[in-house]
Amino acid sequence: MTSDPYCPHPAVLRSVEPETPGVATFGMEFQEPARAAAFHHRPGQFNMVYLPGVGEVAISIASAPGEGVGLRHTIRFVGRVTNALQSLRPGAVLGLRGPYGSAWPVEEARGRDVVLVAGGLGLAPLRPAVKALLAERAQYGRLWLLYGARQPSDRLYVAEYADWERAGLELLVTVDRADASWRGAVGIVPLLFRKLALDPSRTLVLTCGPEVMMRATVHEAIDRGVAASDVYVSLERNMQCAVGLCGHCQLGPEFLCMNGPVFPYERVARFLGKEHF
Amino acid sequence: MVNTSAVVMEKSELGNLIARLWAEGYTVVGPTLAQGAIVFDELRTADQLPIGWTDEQEPGSYRLKRRDDGAYFGYAVGPHSWKKYLFPARLTLFSIERTADSFAVHQGSTDVPRYAFLGVRSCDLHAIAVQDRTFLHGPYVDPHYERRRERAFIIAVQCGTAASTCFCASMNTGPRATQGFDLALTELPEAFVVEVGSERGGALLVGLNVRAANGEIEAAHQVTETTKRQMTRTLDTSDMPALLYENLDHARWDDVAGRCLSCTNCTMVCPTCFCHSVDEVPDLLGERSERVRQWDSCFNPELSHVAGGSTRPDIRARYRQWLTHKLASWIDQFGVSGCVGCGRCITWCPVGIDLTEEVAAIRGSDRA
Ligand SMILES: Cc1cc2nc3c(=O)[nH]c(=O)nc-3n(C[C@H](O)[C@H](O)[C@H](O)COP(=O)(O)OP(=O)(O)OC[C@H]3O[C@@H](n4cnc5c(N)ncnc54)[C@H](O)[C@@H]3O)c2cc1C
Ligand code: SF4
Ligand code: SF4
């Protein structure tokens, strides 16, 4: 009989690392070793994370394939399910199913320059792409990460920045509101584009963040001569099933859970620009 | 054309056919009168059918009327569609039970009813085929739908009457059913012509009182030809999906938004709409919970909820989503239109919004 695609599989919570106020990274591992062994994801994909008795939410996989044991998810506590996750301690059992969706074009980017543009929590799904690009650093040209956070204390993965820069990533961070200690840029993240010496013909842009921020990023990139087919966005919509059956995540002809969340901008441009579509 | 083998069955034999289905383990469901409409429910005997009744349907209105004959199937489709059996409005997918150091998943009973659908019209056969594409032929198969679907026995009825709201002819989905059934009945004044569409359909007839058909086959063909000629409503689907994609800013969306109540009726009665939510329903002790799937609607603002609110916060956006999905993006997603021309959404819209008129208005002033 056909297996049930709505069915979660037990996973143990191994670690909870606070990131910023209201955000933490959860390390999880499938209870069944066979399921863990069979799980292969690509950067940019997501899982459905299930808390028995509470509900299920779509969460990006924040760890790179093969990075340590288990899977990491960086979660913002915003509502019913995510708030309930907040109170879990290591050892708790929750459910996972996945991986779902499309991935960042990490392979296609070989030989090219890559600009990763993240806003807020949008760095979570880009983190595995950062790790994958740096793992094969010699395969790529210049690698930039432009990252915008509301304030310095909202930056994710701060402890990793030095390693990433040593491995060959050029990191530019900007905040909306600086505090007394902040020495970096202030302003919205798409403006950081203006600081880059881009060769648009060899550049790929991968962006994830609030939709307004991604739209501004796309504009900056295209204004600088990057082809619309070389700009990738990761979109977010309500998702109930993640397997193309519930209908919640549609954007025109696309089911974001299966055809997305990562799209070449060119593919979704005509619908993304339509207000409330 | 009648292209399957056909026999003739006396009308009085229909009761035996129903009894035969029950005896073979089927739960027979079909049209019956309830609450002022013709709805689907379990049928034990043929006289539970709305014999001698018909319906008068107009945008926003449905009325039952007496016929001047004793026809068994002299009406069009009502508010129910077969999706209520194949894709139930509320269904527990499975339950989750906490154990000492994990949780266990208990699949609901796989012993779902073996339904026999009696009286499936051509539009609804097409609607079932449309939902098959969603639930069975995509990258992920829904086993809950699959179980119900693969066991269902389908007895079609060739339409002898069309409602004013019907437009299957222009959608190429009727009125004659040509495939997708086990048996198909055409009601003649004195008897049924029974077309056999499958081996198990033929097997069911063994032992029933039927005889070879002669001139009745041509008479049966004329029944649907006449119905087709009666049909007045049409939907021009040429240049879909482009027509709607290119008119996402059309002024007509504001116009219809001023009339639409966002009540969800159209999506509930539509035989192809498949959107649903999945909710967690825990027991009081918190040890067990059910994952419950329920019909949802693009007219509910919560359907598109994300951080920061609904991505379709107003009725204009929601009606536009319904119509562009039904008639345009469905084609990209599934290779067919999401509309089979059954007219239910027209009849059951409390304010009589008619999608054929909305499309005609957009077409009439393309890119307005
Ligand atoms: C592909 C994908 C990847 C995601 N990755 C992450 C991630 O890595 N980390 C993370 O913290 N969140 C991520 N999200 C968002 C996450 O799914 C929602 O925050 C979560 O569903 C909210 O559920 P809740 O029960 O806690 O909140 P609710 O009580 O349901 O709602 C609280 C708030 O969250 C909004 N919301 C509800 N459902 C969603 C949804 N599916 N998407 C967005 N907002 C929603 C509501 O509108 C409301 O503002 C992702 C979403 C998608 C579709
Ligand atoms: S959109 Fe209306 S006419 Fe078309 S199949 Fe659905 S209910 Fe029937
Ligand atoms: S079109 Fe009619 S039936 Fe559909 S939501 Fe609007 S008012 Fe309700």
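The values are calculated or read from the model by the stated rules, or taken from the named source; none is laboratory data. For clarity, every value in this text was computed on a predicted model and none was experimentally measured. Every residue, glycine among them, receives a Cβ derived from its backbone with ideal geometry; neighbour counts consider all protein chains shown.
Here are some notes:
- Among the residues making up the range A:228-248, those that are within 21 Å of A:Val218 (Cβ to Cβ), more than 9 Å from every other protein chain (Cβ to nearest Cβ) and not polar (S, T, N, Q) are A:Ala228, A:Asp230, A:Val231, A:Tyr232, A:Val233, A:Leu235.
- Checked against (1) farther than 21 Å from A:Met48 by Cα; (2) more than 10 Å from chain A (Cβ to nearest Cβ), B:Pro313 passes all but condition (2).
- Among helices (runs of 4 or more DSSP H) entirely within the range B:136-234, having at least 3 residues that are within 30 Å of A:Asn259 (Cβ to Cβ) and under 21 Å from the mean Cα position of the chain (by Cα) singles out B:143-151.
Residue-by-condition table, conditions (1) of a type in the set (S, T, N, Q); (2) over 21 Å from the mean Cα position of the chain (by Cα); (3) not in a strand (DSSP E or B):
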{"position": "B:Thr272", "(1), (2), (3)": "yes, no, yes"}
{"position": "B:Leu285", "(1), (2), (3)": "no, yes, yes"}
{"position": "B:Glu290", "(1), (2), (3)": "no, yes, no"}
{"position": "B:Ser297", "(1), (2), (3)": "yes, no, yes"}
{"position": "B:Gln321", "(1), (2), (3)": "yes, no, yes"}
{"position": "B:Lys326", "(1), (2), (3)": "no, no, yes"}
{"position": "B:Ile331", "(1), (2), (3)": "no, no, yes"}
{"position": "B:Thr356", "(1), (2), (3)": "yes, no, yes"}
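- Test for B:Asp296: is it within 16 Å of ligand 3 (Cβ to nearest atom), of a type in the set (Asp, Glu) and free of Cβ contacts under 8 Å to residues at least 40 places away in the same chain: yes
- Index of the failed condition, B:Gln35 passing every other in (1) modelled with pLDDT of 95 or more; (2) closer than 29 Å to B:Cys275 by Cα: (1)
- Those strands (runs of 3 or more DSSP E) of the range A:174-277 in which 2 or more residues are away from ligand 1 (no atom under 15 Å from the Cβ) and at pLDDT 95 or above occupy A:203-208.
- Tallying residues that are under 22 Å from A:Ala109 (Cβ atoms), within 17 Å of the chain's Cα centre (by Cα) and either of a type outside the set (A, V, I, L, M, F, W, C) or facing chain B (nearest Cβ under 7 Å) (or both) within the range A:249-268 yields 5.
- Options B:Arg252, B:Arg259, B:Arg233, B:Arg293: the member that is at pLDDT 95 or above, loosely packed, with under 14 Cβ neighbours inside 10 Å and of a type in the set (Lys, Arg): B:Arg259
- Output for the range B:335-356, where each listed residue is of a type in the set (S, T, N, Q) and more than 13 Å from ligand 3 (Cβ to nearest atom): B:Ser337
- Spans of strands (runs of 3 or more DSSP E) in the range B:1-82 with at least 3 residues under 21 Å from the mean Cα position of the chain (by Cα): B:26-34, B:37-42, B:53-58, B:61-66
- The residue that is farthest from B:Val278 (Cα to Cα), among those in the range B:288-334 that are among the small types (Gly, Ala, Ser) and away from ligand 2 (no atom under 16 Å from the Cβ), is B:Ala317.
- So A:Leu96, is it under 15 Å from the mean Cα position of the chain (by Cα) and buried (at least 21 other Cβ atoms within 10 Å of the Cβ): no
- When A:Ala84, A:Ala58 are checked against the criterion of being within 14 Å of chain B (Cβ to nearest Cβ), more than 19 Å from the chain's Cα centre (by Cα) and surrounded by fewer than 23 Cβ atoms within 10 Å (Cβ to Cβ), A:Ala84 stands alone in meeting it.
- Members of the range B:244-258 that are within 16 Å of ligand 2 (Cβ to nearest atom) and away from chain A (no Cβ under 12 Å): B:Val256
- Matching residues, the range B:331-355, being touching a Ser or Thr at 6+ places or on another chain (Cβ under 7 Å) and either surrounded by fewer than 22 Cβ atoms within 10 Å (Cβ to Cβ) or without any contact (Cβ under 8 Å) to a residue 12 or more places away in the chain (or both): B:Ile331, B:Phe334
- Close pairs (6 angstrom Cβ cut-off, 6 or more residues apart or separate chains): closer than 16 Å to A:Ile61 by Cα in the range A:25-39, among the polar types (S, T, N, Q) and assigned to a strand (DSSP E or B) anywhere: A:Thr25/A:Thr74; A:Gly27/A:Ser15
- Leading residue by the ranking (surrounded by the most Cβ atoms within 10 Å (Cβ to Cβ)) among those in the range B:80-120 that are touching a residue at least 40 places away in the same chain (Cβ under 8 Å), in contact with a strand residue (DSSP E or B) (Cβ under 6 Å, 6 or more places away or on another chain) and within 14 Å of chain A (Cβ to nearest Cβ): B:Ile96
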